[in-house]
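Engineer: Have a look at the structure that comes next, please.
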Amino acid sequence: MILYEYPFNERIRSVMRLEYLFKRLFAFAGASDPMQQHVALSVLFEIMDSCDRAEVRTGILQDIDKQKTNLEAYRHYPDVDIVALNQAIGDLERVSAALSGTGRIGQSTRENEWLMSLKNRFAIPGGTSQMDMPSYSAWQLFPEEERKASLLNWIRPFMPLYDGVAQVLKMLRESGHSVDATTQEGGVYQEMLGGKIYQLIRVWVPEHIRTYPEISANKYVIWIRFHQFSPEQKTELVTRPIAFKIALCNV
């Protein structure tokens, strides 16, 4: 099944965007082709810009502290695996300490003057061409292993941020339990929440039906409508019943 996710608030939306960027970064950073490494650098610069806002790290640290507090409450529950609980709490503390103690996120990478000049060229369409940035063209001709090593060195200072993002989303996703659902008449699914707070919706759609959900939600109600592409690449509302799975997540 194909998974779609929708955040209830801007904090989780920002964290999910960072996760998306890191996935792309890791996919291209390990490549040997300079053109693919070019994409990796472009994504790294996007991550730099995304994490410059102070509330990004603050929000992640607050979510980690909340998750740790919730886990501590399980110590007095019967039949709790204390070893597993301690390990989970230890993981949260390790990630929190690393993210708290990094100074400005990615500071050592930002201190590379050549890399920052390259970042400025990336902002200009075609600005990294040989005539504009000959030093970059020369770097792309370096041996493969040397280029890979440089990329890893530039990425490494951002790993505490990635670990924080991964930890927050892992525990948030694990907090929800999927249930079967079906769209109602007219192709709409609606669920009243009665003011209960959630942070994330997860929707699984059977792969063979080739549809995607359009999701909107607030603390009172969830709406889901399914669409599909026509042969002319136009989107069409699916009015027939669609069976899917849904999970509401909150930590």
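Read-outs: derived from the displayed coordinates by stated rules, not from any lab. Values in this document were obtained by computation on a predicted structure and should not be read as measured data. Every residue, glycine as well, gets a Cβ built from its backbone with ideal geometry; the counts of neighbours run over all protein chains shown.
Engineer: With contacts defined as alpha carbon pairs under 8 Å and 6 or more residues apart, what's the relative contact order of region 1-143 in percent?
Structural biologist: Details: 73 pairs, mean separation 24.5, N = 143.
Here the relative contact order equals 17 percent.
Engineer: With no solvent and one equal point scatterer placed on each C-alpha of region 11-134, evaluate the Debye formula and give log10 I(q)/I(0) for q = 0.10, 0.15, 0.20 Å⁻¹, two decimals.
Structural biologist: With one equal scatterer per Cα and no solvent, log10 I(q)/I(0) is -0.46, -0.84, -1.18.
Engineer: Scattering from the C-alpha atoms of region 116-172 alone, worked out with Debye: what is log10 I(q)/I(0) at q = 0.13, 0.20, 0.21, 0.25 1/Å?
Structural biologist: With one equal scatterer per Cα and no solvent, log10 I(q)/I(0) is -0.52, -0.84, -0.87, -0.99.
Engineer: Sticking with this one: Using Cα springs under 10 Å in a Gaussian network model of the chain, which residue among SER175, SER117, SER230 shows the largest mean-square fluctuation?
Structural biologist: Of SER175, SER117, SER230, the most mobile in the Gaussian network model is SER230.
Engineer: Still on this structure: Which percent of Cα-Cα pairs in region 106-209 sits in each 5 Å bin, short to long?
Structural biologist: Binned Cα distances yield the sequence 2, 8, 11, 13, 12, 8, 7, 9, 10, 10, 6, 3, 0.
Engineer: Give the span of region 8-81's Cα atoms along each principal axis, as three whole-Å numbers ordered largest to smallest.
Structural biologist: 55, 28, 19
Engineer: Here is a follow-up. Find the percent of Cα-Cα distances in the chain that exceed 27 Å, and round it to a whole number. Before the final figure, lay out each step's value.
Structural biologist: Numbers: 16378 of 31375 pairs.
The calculated P(r) of the chain puts 52 percent of pairs beyond 27 Å.
Engineer: Starting from the Kirkwood radius over alpha-carbon pairs of region 176-249, derive D by Stokes-Einstein at 20 °C in a medium of 1.002 mPa s and give it in µm² s⁻¹.
Structural biologist: Working: Rh = 12.9 Å.
Answer from the Stokes-Einstein relation: 166 µm²/s.
Engineer: For the chain, what is the mean residue ellipticity at 222 nm derived from helices alone (per DSSP H run of n ≥ 4: -39500 (n - 2.57); sum divided by total residues; nearest 500 deg cm²/dmol)?
Structural biologist: Working: 9 runs with 123 residues, N = 251.
It lands at -15500 deg cm²/dmol.
Engineer: Another question about this same structure. Can you give me the C-alpha center-to-center distance between region 49-113 and region 162-240, rounded to a whole angstrom?
Structural biologist: 28
Engineer: Name the most mobile residue of GLY90, GLY106, GLY164, meaning the one with the largest mean-square fluctuation, in a Gaussian network model of the chain with Cα contacts below 10 Å.
Structural biologist: Fluctuation is largest for GLY90.
Engineer: Let me check the size of region 149-204 from its C-alpha atoms; what are the radius of gyration and Dmax in Å?
Structural biologist: Computed over the Cα atoms of region 149-204, radius of gyration and Dmax are 18.5, 56 Å.
Engineer: Further question on the same structure: Can you put SER216, SER137 in order of Cβ neighbours within 10 angstrom, beginning with the fewest? Intermediate values should be presented prior to the final figure.
Structural biologist: Working: SER216 11, SER137 14.
By the 10 Å Cβ count, ascending, the order reads SER216, SER137.
Engineer: Right, something else. Please compute the contact order of the chain in relative form: average sequence separation of alpha-carbon pairs under 8 Å and at least six residues apart, divided by the residue count, as a percent. Mind showing how you got there, number by number?
Structural biologist: Values: 335 pairs, mean separation 63.6, N = 251.
This gives 25 percent for the chain.
Engineer: Calculate the spin-label point distance for MET159 paired with SER108, positioning each point 7 Å from the Cα along the beta-carbon direction, and give it in nanometres.
Structural biologist: Using points 7 Å along Cα→Cβ, the separation is 1.0 nm.
Engineer: In a GNM of the chain with a 10 Å cut-off on Cα contacts, which of ARG156, ARG240, ARG202 has the highest mean-square fluctuation?
Structural biologist: In the Gaussian network model the winner is ARG240.
Engineer: Moving on to the next point. Given Cβ point charges of +1 (Lys, Arg) and -1 (Asp, Glu) and nothing else, what value in debye, to the nearest 20, does the dipole of region 8-172 about its Cα centre take?
Structural biologist: Working: 19 positive and 21 negative charges, 49 e Å.
Computed about the Cα centre, the dipole is about 240 debye.
Engineer: Spin-label point model (7 Å from Cα, Cβ direction): what's the ALA123 to TYR220 distance in nm?
Structural biologist: Going by the 7 Å Cα→Cβ label model, 4.2 nm.
Engineer: ARG94 versus MET116, label points 7 Å from Cα toward the beta carbon: distance in nm?
Structural biologist: For the pair ARG94/MET116, the computed spacing is 3.3 nm.
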